[in-house]
Structure formats: structure tokens, C-alpha cells
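**Student:** I have a structure I would like to understand better, so I am pasting it below and will then ask my questions one at a time.
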Amino acid sequence: MARSPISISGGVIAVPVSDDTTALTTGTGKYTFRMPFAATITAVRSEVITAPTGATAIVDINVTGVGTILSTKLSIDAGEKTSVTAASPAVISVASVADDAEVTLDIDQVGSTIAGAGLKVYIYVTPA
């Protein structure tokens with residue numbers, strides 16, 4: 001399953017974690033990239049093409065040497081397609097990311113009745 005590469009535009013790093021049709025599965029390192037410059041993360045959000053049902057979809061963002069950067073992980077509520085409407089919004093606990101730091105995206109939960117599909121994560125940054 002081929003994925004598009006990350007794209008960076010206007011202070012947003014867009015990461016296609018999965019293809020648009022395959023059901024999500026849990027696991028670590030679902031997408032890994034290196035930070036192209038030192039930056040401060042100002043916001044994060046995620047979306048899916050197919051909404052999870054029965055339970056939320058949960059995504060974690062990790063930086064090598066730091067671990068998770070979220071004290072409350074990204075979540076997409078059951079029946080929803082975006083983290084923007086999540087009952088528990090993501091909270092960034094470590095905002096500073098070094099140039100060339102390895103960033104990994106983990107999927108901790110995918111829904112329980114129907115797994116979501118087509119996961120994209122958006123990381124809003126200000127170059128340091």
C-alpha cells in the first residue's frame with residue numbers, strides 16, 4: 001500500500017499515516033519521518049476518511065529522546081471524522097522539536113466495531 005510523502009506548507013506538516021481505504025491497525029511507528037528543521041509545535045489534529053465506531057481512534061506522536069509529546073493524545077471520537085470535535089482535545093506537553101529529530105506516529109486505538117481508515121495527522125509548527 002503506497003502512501004504519499006509528508007508535505008510541508010505554511011507551517012503545517014501533513015502526514016498520511018495510512019492509505020484511504022485499509023482499516024487502521026494499532027501499533028508503534030506507523031509512520032516515521034525526520035523533522036526537517038528545529039520547530040515549536042503549536043497545534044496538532046487528525047482526520048480519517050472512514051470514521052471509527054464503537055470507540056475512539058487514538059494517535060500518539062513521539063520524538064526520539066523525548067518520548068510522547070502529548071499529555072493527552074490525539075483522538076477522534078466514535079462516529080466522527082476529525083479530532084477537532086473530540087471530547088478530549090489533544091494537549092501538547094513538549095512543544096520544542098530539534099532539527100533532524102526522528103518523529104514517529106503510533107496508533108493506540110482504532111475503534112471497536114469498525115476501525116477508522118484514511119488517517120492523516122497535521123502538525124502545526126513555527127520554525128525555531
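Throughout, read-outs are computed from the coordinates displayed, never taken from laboratory work. Everything numeric here is computed off the predicted structure, so don't read it as measured data. Glycine also receives a Cβ, built like all others from the backbone with ideal geometry; neighbour counts cover every protein chain displayed.
**Student:** Short version: ³J(HN,Hα) in whole Hz for each residue of segment 74-83, in order, from phi by Karplus 6.51 cos²θ - 1.76 cosθ + 1.60 (θ = phi - 60°), x for Gly and Pro, what are they?
**Tutor:** With coefficients 6.51, -1.76 and 1.60, one gets 5, 9, 10, 5, 3, x, 9, 10, 8, 7 Hz.
**Student:** With charges only on Cβ, +1 for K and R and -1 for D and E, what is the dipole size of the chain about its Cα centre, in debye, rounded to 20?
**Tutor:** Magnitude of the dipole: close to 100 debye.
**Student:** Another question, then. Relative contact order (percent) for the chain, with alpha-carbon contacts under 8 angstrom and 6 or more residues of separation?
**Tutor:** Once normalised by length, the contact order is 43 percent.
**Student:** Once phi is turned into ³J(HN,Hα) by the Karplus curve 6.51 cos²θ - 1.76 cosθ + 1.60 with θ = phi - 60°, what whole-Hz value does each residue of segment 39-54 show in order, with x for glycine and proline?
**Tutor:** Here the 3J(HN,Hα) series is 7, 10, 7, 9, 6, 9, 7, 9, 8, 10, 7, 9, 6, x, 10, x Hz.
**Student:** Taking amide H atoms as placed 1.01 Å from N in the peptide plane, list the residues 5 or more away in sequence, or in a different chain, whose amide H sits under 5 Å from that of V125.
**Tutor:** For V125, whose amide H was placed from the backbone, the distant partners under 5 Å are V12, I13, T42.
**Student:** Starting from the Cα of T21, step 7 Å toward the Cβ, then list every residue of segment 101-128 with an amide N under 15 Å from that point.
**Tutor:** 117-119, by backbone N distance to the label point.
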